[in-house]
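Peer 1: I'd like to ask some things about the structure below.
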2 protein chains.
Amino acid sequence: MARWEPDARERLADAALALFREKSYEAVTVTQITERAGLTRASYFRHFADKREAVFAGQDLIVDLIHQAIADAPETAGPRDLLDAALDAVAVAFTPERHANAATRQAIIDSDPELRERLTAKRAAIADAFTAALLDRGLPAPTARVAGQLGQLAFTTASQRWAAAPDGTGFSAYARSALDAAVTAAAALAGR
Amino acid sequence: MARWEPDARERLADAALALFREKSYEAVTVTQITERAGLTRASYFRHFADKREAVFAGQDLIVDLIHQAIADAPETAGPRDLLDAALDAVAVAFTPERHANAATRQAIIDSDPELRERLTAKRAAIADAFTAALLDRGLPAPTARVAGQLGQLAFTTASQRWAAAPDGTGFSAYARSALDAAVTAAAALAGR
């Protein structure tokens, strides 16, 4: 019977990151991660499908926040307002703890092709979350798809700026300015 | 010593597709693919890194065509002209033979999570090809990144329409109209 395991997901993800940094992503096993976290393999696989997923433990929260923010926005909100609302909402995931680990996490991802491919999948999942939530609001498909990609670009650019900044605050401001730049650049393409 | 093997890459990709359709992606081995194609395992691994890659044999050509078309466009070409030039150039990859296999290929990809993730990576590689080629032309980064995503969306939408059309022609026309729709939708986001 599963015991109640407070913060098991976070403990597993933290243990994985620490071990990947100390050894290498390839050298570490799921068993070693669970030993470090003081949890069982069964517990690991309740939270993550495989070793790789521990590095992307935050994706589900981001996707949920995007869906929720777009679903909950006022009826009068236009497509751009919906993107802004979602980018504001995801800021809660960019905590000081995450900031402290950001460089380590990026170095681990960069070190392994499997993780780099998984990062690409994460970005696609974020674009898809924007697009699906916008389609649920009744937006036409071309608008929802384009807005999904621009939302993802703004999210990615803001994540990188936030990670590189010294203080770990201000995600929303980075996201708003990245979205502005993306929309301005897109609008300019209409003029050839 | 490697013999000269005319069309080895295409023969291997065709054999892989035929076997995946007859059995399933999971059930087929690289050895079976090489036996069907009348080639060696060494030959297979000269062309593809693993089993999965045989399904995406066309990606390198698409990426090369995008780079070349954007590099070769007249100096006066604006960002939108460069996207158009690349989408026109890739049309040569959309052959009648590819059209005949399009539904099979899509069904195989849909059947396996590994292949679905690889398709996501292909789309990202296409967006990256547009973006890198546009950066090489001296476009500012936000424009190149946004244009890369819109180019990829137009490519993906056009591929799907072309695959669904009965005659296997007209890729360029689908691509142009998909790009128009994407750019119009993007421009509308500037107005909230």
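The values are calculated or read from the model by the stated rules, or taken from the named source; none is laboratory data. These numbers were taken from a predicted model, which means no experiment stands behind them. When we count neighbours, we look across all protein chains shown, and the Cβ atoms used for this are built from the backbone with ideal geometry, even at glycine. Side chains included, ligands, DNA and RNA excluded: accessible areas come from the protein's heavy atoms. Shrake-Rupley method; radii C 1.70, N 1.55, O 1.52, S 1.80 Å.
Peer 1: Among the GluC sites (Glu not before Pro) within the stretch A:1-57, which fall in a DSSP loop and have no more than 16 other Cβ atoms within 10 Å of their own Cβ?
Peer 2: Working: sites: A:E10, A:E22, A:E26, A:E35, A:E53; in loops: A:E26.
Passing both the DSSP loop test and the Cβ count: A:E26.
Peer 1: Quick check: net charge around A:G170, other residues with Cβ under 14 Å of its Cβ, Lys/Arg +1 and Asp/Glu -1?
Peer 2: Values: positive: A:R98, A:R161, A:R176; negative: A:D88, A:D167.
That sum, taken over residues with Cβ under 14 Å, equals +1.
Peer 1: Modelled label-to-label distance, B:A18 and A:S111, 7 Å Cα→beta-carbon offset: nm?
Peer 2: Calculated label separation equals 4.5 nm.
Peer 1: Any chance you could look up the accessible area of A:F48 with a 1.4 Å probe, heavy atoms only, rounded to 10 Å²?
Peer 2: For A:F48, solvent-accessible area is about 10 Å².
Peer 1: Next up: Sequence gap at least 6, Cα distance under 8 Å: using those rules, report the relative contact order of the stretch A:1-98 to the nearest whole percent. Mind dumping the intermediate values first?
Peer 2: Details: 66 pairs, mean separation 22.5, N = 98.
RCO, the stretch A:1-98: 23 percent.
Peer 1: Okay, moving on. Quickly work out the A:D64-to-A:R52 label distance, labels modelled 7 Å from Cα along the C-beta direction, and quote it in nm with one decimal.
Peer 2: If labels sit at A:R52 and A:D64, their model points lie 2.3 nm apart.
Peer 1: Also, I was wondering about something else. Could you tell me the accessible area of B:K23 in Å² (1.4 Å probe, neighbours in place), rounded to the nearest ten?
Peer 2: 110 Å²
Peer 1: Sticking with this one: Cross-link candidates for A:K23: which lysines have Cα within less than 28 Å, leaving aside residues fewer than 8 places away along the same chain?
Peer 2: Straight-line reach from A:K23, under 28 Å: A:K51, A:K122.
Peer 1: May I ask you to report, in nm to one decimal and beginning with the shortest, the distances from B:A49 to the same position in the other copies, taking label points 7 Å along Cα-to-Cβ?
Peer 2: In ascending order, 1.9 nm.
Peer 1: Another one. Between beta-carbons, use under 12 Å as the cut-off and find the net charge around A:A86, counting Lys and Arg +1, Asp and Glu -1. Walk me through the numbers before you get to the answer.
Peer 2: Working: positive: A:R80, A:R137, A:R176; negative: A:D64, A:D72, A:D81, A:D84, A:D88.
Local charge sum for A:A86: -2.
Peer 1: Run the Debye formula on the Cα coordinates of the stretch B:1-78, all scatterers equal and no solvent, and tell me log10 I(q)/I(0) at q = 0.23 1/Å.
Peer 2: These q points yield log10 I(q)/I(0) values of -1.00.
Peer 1: Enumerate the whole-percent occupancy of each 5 Å bin, from 0 to the last occupied one, for all C-alpha pair distances of the stretch A:1-141.
Peer 2: In whole percents, the pair-distance histogram is 2, 9, 18, 18, 17, 13, 11, 8, 4, 2, 0.
Peer 1: Also: From the helices alone, meaning DSSP H stretches of at least four residues, give me the mean residue ellipticity at 222 nm for chain B, per-run term -39500 (n - 2.57), in deg cm²/dmol to the nearest 500.
Peer 2: Values: 9 runs with 139 residues, N = 192.
It lands at -24000 deg cm²/dmol.
Peer 1: Could you work out the relative contact order of the stretch A:14-54? I mean the mean sequence separation of Cα pairs under 8 Å and 6+ apart, divided by the number of residues, in percent.
Peer 2: Computed value for the stretch A:14-54: 36 percent relative contact order.
Peer 1: Oh, and also: Could you tell me the convex hull volume per residue, in Å³, taken over the Cα atoms of the protein assembly as shown?
Peer 2: Values: hull volume 68.0 nm³, N = 384.
Taking the convex hull of the Cα positions in the protein assembly as shown, it is 177 Å³ per residue.
Peer 1: Let me ask another. Ignoring everything but the protein chains, give the 1.4 Å probe accessible area of B:T156 in square angstrom, nearest 10.
Peer 2: So the heavy atoms of B:T156 present about 20 Å² to solvent.
Peer 1: Would you mind calculating the relative contact order of chain B from Cα pairs under 8 angstrom and at least 6 residues apart, reporting the percent as a whole number? Could you put the intermediate results ahead of the total?
Peer 2: Values: 193 pairs, mean separation 36.8, N = 192.
It rounds to 19 percent for chain B.
Peer 1: Another question, then. Enumerate the helices in chain B for which the Kyte-Doolittle hydropathy averages -0.5 or more and the C-alpha atoms extend at least 15 Å along the helix's axis, using complete DSSP H runs. Don't skip to the answer; put the middle values down first.
Peer 2: Details: long enough: B:8-22 (21 Å, -0.05); B:59-72 (20 Å, 0.59); B:79-90 (17 Å, 0.37); B:96-111 (24 Å, -0.82); B:113-136 (34 Å, 0.03); B:141-164 (34 Å, 0.06); B:171-189 (27 Å, 1.01).
Membrane-span-like by this criterion, though nothing is claimed about a membrane: B:8-22, B:59-72, B:79-90, B:113-136, B:141-164, B:171-189.
Peer 1: Could I ask something else about it? Can you give the average number of partner chain beta-carbon atoms within 10 Å of each beta-carbon in peptide B:114-124, as a whole number? All intermediate terms of the calculation are to be shown ahead of the outcome.
Peer 2: Numbers: counts 0, 0, 1, 5, 2, 1, 9, 6, 1, 3, 6.
Mean partner shielding for this stretch: 3.
Peer 1: Turning to a different aspect of this structure: What net charge is computed for the residues neighbouring A:D14, neighbours being all others with C-beta under 12 Å from the C-beta of A:D14, Lys and Arg scored +1, Asp and Glu -1?
Peer 2: Values: positive: A:R9, A:R11, A:R21, A:R36, A:R98, A:R105; negative: A:D7, A:E10, A:E97.
Summing Lys/Arg as +1 and Asp/Glu as -1 gives +3.
Peer 1: Report which residues of the stretch B:73-113 become buried by 50 Å² or more of accessible surface when going from the isolated chain to the complete set of protein chains (1.4 Å probe; DNA, RNA and ligands ignored).
Peer 2: With the partner chains in place, the stretch B:73-113 has these residues losing at least 50 Å²: B:R80.
Peer 1: What are the nm distances, shortest first, from A:A165 to its equivalents in the other copies, labels at 7 Å along Cα→Cβ?
Peer 2: 4.7
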